[in-house]
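What follows is calculated from the coordinates using simple rules that are stated; it is not laboratory data. Keep in mind it's a predicted model, so treat the numbers as computed, not measured. Counting neighbours? That spans all protein chains shown, and the Cβs are built from the backbone with ideal geometry, glycine included.
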C-alpha cells in the first residue's frame, strides 16, 4: 500500500510519525512510503535518511501527493485548524492513523472524516491488553514524559538530589513526591531515585504499591482508594473522598523539594491535587512539575505551557507536549508502535479490503468508518 | 571578634559567605556576626533565620557597620568595581576573607588592600593538603559544578540517558564524554552514570584512571600524559603533545551525545580541547557543557555566559558562576569551608594579634598583610 507521512504542523510538535528505521521495514514489506519534505527535521532525521531508507520525499501542495495515499500516518490530527477541511487531500476510502483524541479533539474534525468517507484509527485508543502492548503509544509517551519531568525537576531545583558526603560535611538528599504511579509516575520514580533523591509516591490504587516499592520509593498509603478501570486508570473519586485525599497530601507536599504530578482521568479535566494553600506551604526553591497540563493541570496555580514562580519562590512547570522535548526517541517509540499497529491491521485484512471488525484492537481503535462514527464516547460527544 | 557578612554584588552571584547554621556556631563561640540585610535571600536564607541564629542584621551604608568589623567574609571581592575603593569601609588592620582570585582579579584591588593596611586571605588559595581538605572551597564548588553540568547535559539532550527496554523495543543509552577527571569531572561522571548513560572520561594524568573506573566510566587512555602538580592539577602540555591530544579526541567527541569539559590550568586561559571541526562532526541534538567558561572555555565555539546552537544543531552551554545555580547548597559548603578556615586562623593566633605566619595554611592563603603583598604569583603580576 502507499503510506503517506505528512510534516506535523501542531504547535510545539517536534515528533514525526515514522522514522527511517520503520520506513525501511515497510519498504522491505513491499509498501511505498511518501514522506513530506522536512518531516523528520525537528526530531533529527534528514530527508536523505528517509531516501536512504527507501521513501520518496515529496514536496509542494498536499493535494499533489496525499490523494495517492492509501494510508496517512501522523502524530496529531493533520491540519486541524486549516481553512480547508482536515484530511481534505485524502481520497474517499483512505485511512487516517494518528493520536486523534476522540475524547478531546473538536468534533468537527471527526464529522469531516465521516462525511468524506474516510476510515480513522486513533492510536490513543489502543486497548491496554497484553497483545496490544507493542502498539501502546500512551505508554510510550508516558515513559518519555515521566523521564523528562524528573529531569526538569532536578534541573530547576537549586539543590543537590543525592546525599553527598564531602570534606565540608554532609548534604542531605532531596525529597521528591510523585502523585500518580502510572507509567509516567513510575518512570519519574525510577529517574529521581537513580539521581539519589528520597522518593515518595502516592496513588489511589493500592495495587501499584508493589511496583512503587520495587523502584526504591516509599508508598504513601492513604485511606482513600479507588479501583482500577479496565484500562488501568484510576477511577475518579467521589467528592468527599477527593477532599480527604487533598487533606492527607498537605504535609508531604509541604516537605517536598520536588513534586511531580501525573493524575489524568480520560476525557475529563485533571483533578486538582496540589491546592494554592499547599503551594504556599512549600519552601523557597521548591519545584512542581505538572504533567497533567494538557488537561488543565493537577496544581491549582499551573498555567499550561508556562513557568510560574510564586511569591514564596516555588517554581511551577506545566509543560505542553512534553514528549516533543525528547523528539528523536519519542518518534522512535511512536514509530515502532505504529509499525506494530499497521502490521496488525494488515494481518486483519486491511490491505485486502476485508478488515476483521470483530478483532478487539481494530474495534477499539477504529473511530470513523464507512460514513459512520464508530467510537461510542465520540458518538456521545457529537450527539450531546 | 566581630565578623561582617556583606550582601554579594557580583553579577550572577547568588551565594552567601555564611549561612545561619554557621552563624550559630560562631555566636556560640562568642563571636558577633553582622549580616547585611538580604544577604541570604538569593540562596534561600531569610534575615529572620540569621536573627534566629544570633546574628545582627544590619542595613544602610557600609560605612556605618563595616568599620566595626574585625573580619569581613565574602564569596567574591566586595565591591570590586565600586567608585570608592574596594573594602574601603574596613578599618586598617582588619581582615578580608573571600575567593579573591590572586591570579585573575584586577591587581588594583590588591594594591588597595595593601595600601589600606588590611590583611587578606584568599579561600581559593587553600593548599590541597589533607588537613586543609575541610576548607577547600575549590573542591566544594567543583563538586557543585560537576553535578550541575551533568544535569544541564541531560536536560538539554533531546534523548534518553538510560537504556530502556520497552514493549516498543529498546532505546540505547546516551554516550557521555567527560574531558578532565578532577573533582568536577568525577562528579559529572558519577551523576551521568547514575542517570544510566555510558560514560567515557579522558584525563592527561594516568593517576586518575582508577578513580574514573571506580565510578563506572571507561578511561580514555591516550599516549599523551602529563604529571600532576603539587596541587593536583594537570600540568600544561607542550604544544605538540596538545595537538596529539586534540587529534586523539576527535572520534570520541564525534560519537558523543554529551561532552562535558572541565580542563583548567590555574592562572592561564583554558586549553581548547574541542575544536570547531570536532563540533561540526557532532550529531544534531548533541550537547557540550563547558565548565571552563570562566577561563575562556575548552570549546572553540563557547561563548561564556551564553547558549550557542550551531548550524549542525549542536547546543553549547558555557555557564558562568555555575555554583550559584545551586546557591543554597553551594553556600552551605562554602560556609562550612570558611568556618573551618576561621577556626584554624583563631587556633593560629589571629584573635590574639599573634598569627603564626609559618603555618602552611596561613602562609599560602594570606595574600596581603601589613602593607605588603605576600602572595608570590600576585607579586609577580603586580611587578609585571
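Arranged by the count of other C-beta atoms within 10 angstrom, fewest first, what order do B:379, A:280 take?
With the sparsest Cβ surroundings first, the list reads A:280, B:379.
Taking the 0 to 90 degree range and rounding to the nearest ten, how far is the long axis of helix A:137-156 tilted relative to the main principal axis of chain A, both from C-alpha atoms?
40 degrees
How would you rank A:26, A:103, going from fewest to most other Cβ atoms within 10 Å of each one's own Cβ?
By the 10 Å Cβ count, ascending: A:103, A:26.
So what is the relative contact order for chain A, in percent, with contacts set as C-alpha pairs under 8 Å and at least six apart?
18 percent
In vacuum, with every alpha carbon of the range A:329-384 counted as one equal point scatterer, what does the Debye formula give for log10 I(q)/I(0) at q = 0.21, 0.24, 0.25 Å⁻¹? Two decimals, please.
-0.87, -0.96, -0.98
If you take each beta carbon of peptide A:283-294 and count the beta carbons of other chains within 10 angstrom, what is the mean?
Taking all residues of A:283-294 together, the mean is 1.
How far is it, in nm, from the label point at residue B:91 to the one at residue A:67 when both lie 7 Å from their Cα along the line to the Cβ?
Each label point is offset 7 Å from its Cα along the Cβ direction, giving 9.4 nm.
So what is Rg over Rh here for chain A, counting just Cα atoms and using Kirkwood for Rh?
1.01
By count of other Cβ within 10 Å, fewest leading, how are A:74, B:104 ordered?
Fewest to most other Cβ atoms nearby, the residues stand as B:104, A:74.
Mind jotting down the three principal axis lengths of the range A:9-155 based on Cα atoms? Whole angstrom, largest first.
47, 38, 33
Report the paramagnetic label zone for residue B:283: residues of the range B:315-346 whose backbone N is under 16 Å from a point 7 Å from Cα along the Cα-to-Cβ axis.
Answer for the range B:315-346: B:315.
State, to one decimal in nm and shortest first, how far the label point of residue B:54 sits from each corresponding label point in the other identical copies (label point: 7 angstrom along Cα-to-Cβ).
7.8
Suppose the chain between residue A:133 and residue A:103 were pulled fully straight at 0.36 nm per residue; how much longer would it get relative to their current alpha carbon spacing?
My answer for the length gained is 8.7 nm.
Within the range B:344-383, find all residues whose amide N lies under 12 Å from a label point positioned 7 Å from the Cα of residue B:117 along Cα-to-beta-carbon.
Under cut-off, by backbone N: B:370-372.
To confirm my reading of the symmetry, which residue of chain A has the Cβ nearest the axis that brings A onto B, and what whole-Å distance does it have?
Result for the A and B rotation: A:155, 2.
How large is Rg/Rh for the range B:239-384, to two decimals, with Cα atoms and a Kirkwood Rh? Spell out each step's value before the answer.
On the way: Rg = 20.9 Å, Rh = 18.5 Å.
Ratio of gyration radius to Kirkwood radius for the range B:239-384: 1.13.
Pull up the DSSP beta bridges for chain B and report the antiparallel fraction as a percent, rounded to 5.
Once the DSSP bridges in chain B are tallied, antiparallel ones form about 25 percent.
For the range B:142-320, what is the convex hull volume of its Cα atoms per residue in Å³?
107 Å³
Report for the range A:138-325 the percent antiparallel among DSSP-assigned beta bridges with both residues inside it, nearest 5.
Roughly 25 percent of the DSSP beta bridges within the range A:138-325 come out antiparallel.
May I ask you to report, in nm to one decimal and beginning with the shortest, the distances from residue A:343 to the same position in the other copies, taking label points 7 Å along Cα-to-Cβ?
Those separations, rounded to one decimal, come out as 6.4 nm.
How far apart are the residue A:128 label points across copies, placing each 7 Å from Cα toward Cβ, in nm, shortest first?
List, nearest first: 5.3 nm.
Using just the C-alpha positions of the protein assembly as shown as equal point scatterers, what log10 of I(q)/I(0) does the Debye formula give at each q in 0.09, 0.11 1/Å?
For the protein assembly as shown, the Cα-only Debye profile gives -0.90, -1.19.
Output needed: percent of Cα pairs per 5 Å distance bin for the range A:96-184, bins running from 0 to the one holding the longest distance.
Pairs per bin, as whole percents: 3, 11, 14, 14, 12, 11, 9, 8, 6, 5, 4, 2, 1, 1, 0.
Can you give the FRET efficiency to the nearest 0.05 for residue B:46 and residue B:251, using r as the Cβ-Cβ distance and R₀ = 60 Å?
Values: r = 52 Å, r/R0 = 0.86.
With R0 = 60 Å, the Cβ-Cβ based efficiency is 0.70.
Can you compute log10 of I(q)/I(0) for the range A:3-63 with the Debye formula, treating each Cα as one identical point scatterer, at q = 0.18, 0.21, 0.24 Å⁻¹?
Listed by q, the Debye log ratios stand at -0.55, -0.74, -0.94.
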